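What follows is one structure encoded as structure tokens, with my remarks underneath.
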Amino acid sequence: MTNSPFKYVNFIQSKYFPLENFKCPCEKCKNKEFTWEYLDPKLIQKLDALKELTSYNLVITSGYRCEEHNTQIGGEWKSAHTRGQAVDLTIQPYTDFSALRYLFMLAEQVKFHGIGIYPHKRIIHCDVSNRFQRWRQNRQGVYIYLFVDE
Ligand SMILES: [Zn+2]
Ligand SMILES: [Zn+2]
């Protein structure tokens, strides 16, 4: 049995980020067709709005993930990435933590639902899942939650 991924009928295209940037990087997905239908339009809309607030060069380090890839890399079970509702972002060239903190505040401004900051990985996670939560991952990989609101 194949569990084919959910597709969004009301999908939109990003104005700033090419589709390739969101594609699952695993071997299995490499030669598979990938379309905007796999990405929640709310994610794209907020991501574009975020981009418009800053002149930083934003880079997507992780977008859509198939379930297998998500498990392989130790992603959270049923992660928002597997539903096309999340991206991990960094700034290139990366300067220092204050830039990442600034990005976190911009993500707050455009009202992403879940926002996480990973200082040692130099990324922030932004999602439009049903959970409103804020967290930080420390050096030991432990998640520290500011709040979780389901
Ligand atoms: Zn994959
Ligand atoms: Zn993430």
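The values are calculated or read from the model by the stated rules, or taken from the named source; none is laboratory data. All of these numbers come straight from a predicted model, not from anything done at the bench. Because the Cβ atoms are built from the backbone with ideal geometry, glycine has one as well, and the counts that use them run over all protein chains shown.
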**OP:** Within region 116-148, track down each residue that is surrounded by 16 or more Cβ atoms within 10 Å (Cβ to Cβ), touching a strand residue (DSSP E or B) at 6+ places or on another chain (Cβ under 6 Å) and assigned to a loop (DSSP other than H, G, I, E, B).
**Re:** ARG122, SER129
Original post:
out of contact with any Pro (no Cβ under 9 Å at 6 or more places or on another chain), closer than 23 Å to ASN57 by Cβ and not aliphatic (A, V, I, L, M) - does that describe any residue in region 137-146?
Top reply: no
Original post:
If you scan region 33-75, which residues turn out to be within 15 Å of ligand 1 (Cβ to nearest atom), within 20 Å of ILE123 (Cα to Cα) and assigned to a helix (DSSP H, G or I)?
Top reply: HIS69, ASN70, THR71, GLN72
**OP:** Collect the residues in region 76-95 that are within 14 Å of ligand 2 (Cβ to nearest atom) and in a loop (DSSP other than H, G, I, E, B), keeping them in residue-number order.
**Re:** GLU76, TRP77, LYS78, SER79, GLY84, GLN85
Subject >> Subset of region 8-32 [modelled with pLDDT under 95 and not in a helix (DSSP H, G or I)] >> reply: ASN31, LYS32
Original post:
Say we look at region 76-109 and pick out the residues that are β-branched (Val, Ile, Thr), under 14 Å from the mean Cα position of the chain (by Cα) and more than 16 Å from ligand 1 (Cβ to nearest atom); which of these is nearest to PHE22 (Cα to Cα)?
Top reply: THR90
